[in-house]
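To start, the structure itself, in structure tokens.
The values are calculated or read from the model by the stated rules, or taken from the named source; none is laboratory data. If you're wondering where the values come from, they're calculated on a predicted model, not measured in any experiment. Methodologically, a virtual Cβ is constructed for each residue, glycine included, from the backbone with ideal geometry; neighbour enumeration extends over all protein chains shown. Heads up: the accessible areas ignore ligands, DNA and RNA and are worked out on the full protein's heavy atoms, side chains in. Shrake-Rupley method; radii C 1.70, N 1.55, O 1.52, S 1.80 Å.
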Amino acid sequence: EAGVTQFPSHSVIEKGQTVTLRCDPISGHDNLYWYRRVMGKEIKFLLHFVKESKQDESGMPNNRFLAERTGGTYSTLKVQPAELEDSGVYFCASSSRAFVYEQYFGPGTRLTVT
Amino acid sequence: GIQVEQSPPDLILQEGANSTLRCNFSDSVNNLQWFHQNPWGQLINLFYIPSGTKQNGRLSATTVATERYSLLYISSSQTTDSGVYFCAVEGFSGGYNKLIFGAGTRLAVHP
């Protein structure tokens, strides 16, 4: 069974540009989560999808971030326009049930904004 | 909200040495996990340990929930143990339960 996959693995963009990150959860997992780790600090929760619905988006930093999960399968996280402080590693996780301790994490996308 | 603090922030070991990583949390929790982020970026769940002690090979973890800390022990360290170790607790924030991570301990094991 394939794990959580994320694309791209690394993205370098200039300030003001747009970037879209993609996450493919484990097949059959209704719950999908986005996290990010900025500047070597703690990993912070961004949002939680249940199927195609946003269950909890309390961690989204501002309206430059837009997450979607059309059809309840893969998810995208768009940053527009990107700022320097958006640099970091963006993790995606999925779970079959909405238990936080059952999440499987992807390898992350390293975003560098210059 | 719950605060999670990990120590030390950085640790350098010679292969074969033992180490202890610590995680302190500021409030009662229902769930605590230890993760290892390997050099390829993958986050691997090591232990789900809200209380008590668990062992898996050279790794073991102990959580003393009443005193709000957890310890991760690595014995006979190997170069493959290098990476970042994160502690995460389940906390209630923004109306929902979610994982709250510490800043991690970066471990480098040298041959």
Task: Cα gyration tensor of the range A:1-54 - equivalent ellipsoid semi-axes, whole Å, descending - done: 22, 14, 12
Task: Average beta-carbon neighbours from other chains, 10 Å sphere, peptide B:38-47 - done: 4
- [ ] Starting from one equal scatterer on each C-alpha and no solvent at all, send me the Debye-based log10 I(q)/I(0) for chain B at q = 0.16, 0.18 Å⁻¹, two decimals.
- [x] -0.66, -0.83
Task: Residue mean of other protein chain beta carbons inside 10 Å, B:92-103 - done: 6
TODO: Compute from the Cα atoms of the protein assembly as shown the Rg and the Dmax, the latter being the longest Cα-Cα distance, and quote both in angstrom.
DONE: 17.4, 50
- [ ] Compare A:Glu83, A:Glu102, A:Glu52 in a GNM of chain A, Cα atoms joined below 10 Å, and give the one with the largest fluctuation.
- [x] A:Glu102
- [ ] Based on a Kirkwood Rh over C-alpha pairs, give the Stokes-Einstein translational diffusion coefficient of the range B:1-59 at 37 °C and viscosity 0.692 mPa s in µm²/s.
- [x] 243 µm²/s
Open item on the list: I'd like the mean, over residues of A:98-106, of how many other protein chain beta carbons sit within 10 Å of each residue's own Cβ.
Closed with: 6
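Using a 1.4 Å probe on the protein heavy atoms, what percent of the accessible area of the protein assembly as shown belongs to carbon and sulfur?
The C+S portion of the solvent-accessible surface of the protein assembly as shown is 48 percent.
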- [ ] State in Å² the accessible area per residue of the range B:29-97; use a 1.4 Å probe, count heavy atoms of protein chains only, and round to the nearest integer.
- [x] 45 Å²
Open item on the list: I want to verify the translational diffusion coefficient of chain A in µm²/s; compute it with Stokes-Einstein, Rh as the Kirkwood radius over Cα pairs, at 4 °C and 1.567 mPa s.
Closed with: 93 µm²/s
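Any idea of the accessible area per residue across chain A, 1.4 Å probe, to the nearest Å²?
49 Å²
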Task: GNM flexibility winner over chain B from B:Ser19, B:Ser75, B:Ser93 (Cα, springs under 10 Å) - done: B:Ser93
- [ ] Determine one quarter of the surface area of the Cα convex hull of the range B:39-100, which equals its mean projected area, and express it in nm² to one decimal.
- [x] 5.3 nm²
TODO: Report the accessible surface area buried between chains A and B, summing both sides, using a 1.4 Å probe on protein heavy atoms only, in Å² rounded to the nearest 100.
DONE: 1600 Å²
Open item on the list: About the Cα centre, and with charges only on the beta carbon of Lys, Arg (+1) and Asp, Glu (-1), how big is the dipole of the range A:1-42? Nearest 20 debye, please.
Closed with: 280 debye
